[in-house]
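Heads up: the structure comes next, in structure tokens.
What follows is calculated from the coordinates using simple rules that are stated; it is not laboratory data. Every value quoted in this text rests on a predicted model; they were computed, and no experiment measured them. With ideal geometry, Cβ positions are generated from the backbone for all residues, glycine too; neighbour counts draw on all protein chains shown.
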Amino acid sequence: MDYGDKLFWLSVVIQRKYAQICAEFDLTPSQATLLCAVRDEPRQMADLAASLGMTKNALSQLVDRTARRELVDRASSTQDRRVVMLSVTPTGKVLAEAVYAEVAKRLPEIARNLDADDQREFERVATAIVDTSDLSSPTSNQSVTP
């Protein structure tokens, strides 16, 4: 297996663990990601779509489904009515915090078979990758649909 294959399978391991955690909260991975992305402050829909690597249409559909569960709210910006802001409801906030805490606790389990030094190195490398990634906008071919 070459490096690209290993990265592919690592993403599968991570996604599978994440989906398992989300299912325990009766959320799809996309819904959980959305809730966690807006749990601390409202976000502009356009910026959120870019950060999540989604088209505006796909994000709108995801928000519609999540809003029907009364977990998020849309509102016009107070500065510009054309800008749509997304925020969590009180119920959504509680759920987002619970999901986030569980993911933070259990996702590192993917490295449980590594020795302590390798676990620290994995954490260092994963942190470096995230810290040097531009999460504010997707590349042109990273569109994800829920």
### Query
Within the set of pairs 6+ apart or on separate chains, which have a first residue in the stretch 111-125 that is part of a helix (DSSP H, G or I), a second that is exposed (fewer than 10 other Cβ atoms within 10 Å of the Cβ) and among the hydroxyl-bearing types (Ser, Thr, Tyr), and C-beta atoms under 6 Å apart?
none
### In the stretch 64-91, the residues that are among the small types (Gly, Ala, Ser) and out of contact with any Asp or Glu (no Cβ under 6 Å at 6 or more places or on another chain)
ALA67, ALA75, SER76, SER77
### Message
On the basis of being aliphatic (A, V, I, L, M), surrounded by 15 or more Cβ atoms within 10 Å (Cβ to Cβ), over 21 Å from TYR100 (Cβ atoms) and touching a helix residue (DSSP H, G or I) at 6+ places or on another chain (Cβ under 7 Å), does VAL84 make the cut?
### Response
yes
### Task
Scan the stretch 41-92 for residues that are in a loop (DSSP other than H, G, I, E, B) and under 14 Å from the mean Cα position of the chain (by Cα) and jot them down.
GLY53, MET54
### Task
Give the residue, chosen from ASP47, ASP80, ASP40, that is within 25 Å of ASP134 (Cβ to Cβ), touching a residue at least 60 places away in the same chain (Cβ under 8 Å) and either in contact with a strand residue (DSSP E or B) (Cβ under 6 Å, 6 or more places away or on another chain) or of a type in the set (D, E, K, R) (or both).
ASP47
### Task
Among what's in the stretch 22-36 and is without any contact (Cβ under 8 Å) to a residue 24 or more places away in the chain and in a helix (DSSP H, G or I), pick the residue that is surrounded by the fewest Cβ atoms within 10 Å (Cβ to Cβ).
ALA23
### Message
Condition (residue is part of a helix (DSSP H, G or I) and touching a Ser or Thr at 6+ places or on another chain (Cβ under 9 Å)) applied to the stretch 10-21: is it met by at least one residue?
### Response
yes
